[in-house]
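These notes are about the structure you will find just below.
Readers should treat all values here as calculations from the given coordinates under stated rules, not as data from a laboratory. Treat the numbers as computed from the prediction; the structure is a model and nothing was measured. With ideal geometry, Cβ positions are generated from the backbone for all residues, glycine too; neighbour counts draw on all protein chains shown.
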Amino acid sequence: MSKTLVSLQDVSRTYSVREGFFSSVRRTVRALDGITLDLRENEILGLVGESGCGKSTLARIALGLEQPVSGRVLFRGNDISSLEPDEKKAFRQKAQMIFQDPFSSLNPKKTIYQTLKEPLKIHGLCPDRDYRGRVRELLAVAGLTDPGVEDRYPHEFSGGQRQRIGLARALATEPDFIIADEPTSALDVSIQAQIINLLLDLQEAKKLTYLFISHDLPVIQFVSNRVAVMYSGQLMELMPGSNFLSSGNGGSDVTALHPYTRYLLSAVPLPDPDRRKKKRKISWEQEIVAEPGGTIDSDKGKGCAFAPRCEKAKSVCFEARPRWRQIGEEHFVACYEVVD
Ligand SMILES: Nc1ncnc2c1ncn2[C@@H]1O[C@H](COP(=O)(O)OP(=O)(O)OP(=O)(O)O)[C@@H](O)[C@H]1O
Ligand SMILES: [Mg+2]
């Protein structure tokens, strides 16, 4: 098994938010609630969970862009919050992010050349000072080869091309770890496929580790070695990525066992009439209709976050967090309902 690259250890993050625009009453939102998760070298870990469950917060904390209120993040065994300045710079170089909307993360006043030259200069990654040559090389790796492409501004590109620029910028620092936060959700299907294939090729060629966040479960299955399922700031299940989609109905070697994972998988529209019939019979799943907003109040942080919406919940589920248990090779779950 490959070595751990990034390790989140009991990481929690809260935000204090106002009840309403004119209200002075503040409420504590737990965006992350005791997350423990390792990413291995050269793996793609998919992260899924409904909107507001804390995926992007986890991404920012894993990159050191935000601090957890408790717990810690290790990169190659070192706590990223206590790095010396030069180590911090090295970490920033090795850990990069690709955003959903590359347009908002590209400076509209800078040409692509200026944008890509910056990290090369900061991290001293162009010893021969041939910045233009290196920028062209990076753009070519990302599939942008038109002559003079580097002298254009972000608004002169399509969404797919901008995502390629975002990727070129992430690659500029020669990273080991990339977090892709919904990298293709703003793109049409054919362009999505191109970008995903590009991401996979690069991962293989450069032995990268990805944390891949997406709402698109078929894409998650396609790219991920393992999939982590989150609900309201808590990890519910971690399992192999292969056959993730069919694991909800036992159509795989590994069966998804957490009620939330099963709900999530049952919501994927698959053209299978038998499956549809089966789904109709599972009444507790149909109870779950509305999006919860994915947050929990500070006074609700004791039990399983999913308990209020889970028909299988027992009183213990509201009182104490279920233990994170290994139930198979590469398979972990936090649920009292699941028995060994
Ligand atoms: N800076 C912030 N200030 C206050 N609340 C925040 C902040 N950032 C995130 N939150 C809250 O934390 C929770 C988790 O947000 P986050 O953006 O991590 O969710 P997400 O899983 O990435 O959602 P989506 O799938 O919609 O991108 C949400 O309730 C959100 O409102
Ligand atoms: Mg997000």
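Before moving on, here are some points about what is shown:
- Computed [θ] at 222 nm, deg cm²/dmol, the chain (DSSP H ≥ 4; -39,500 (n - 2.57); rounded to nearest 500): -9000 deg cm²/dmol
- Rounded to the nearest 20 debye, dipole of region 3-138 from Cβ charges on Lys, Arg, Asp, Glu: 480 debye
- For Ala305, residues with placed amide H under 5 Å, excluding near neighbours: none
- In terms of Cα atoms, the Rg and Dmax of region 169-233 work out to 12.1, 35 Å.
- Dipole-positive endmost among Leu116, Gln67, Phe332 within the chain (Cβ charges, Cα centre): Gln67
- Rg ratio (alpha-carbon, reference 2.2 N^0.38 Å) - the chain: 1.05
- Using Cβ point charges alone (K and R +1, D and E -1), the dipole size of region 188-252 about the Cα centre works out to roughly 200 debye.
- Between region 4-59 and region 71-120, the Cα center-to-center distance that results, in Å: 19 Å
- Among beta bridges identified by DSSP and lying wholly in the chain, the antiparallel ones come to about 65 percent.
- Counting only Cβ charges, +1 for Lys and Arg and -1 for Asp and Glu, the dipole size of the chain around its Cα centre is about 500 debye.
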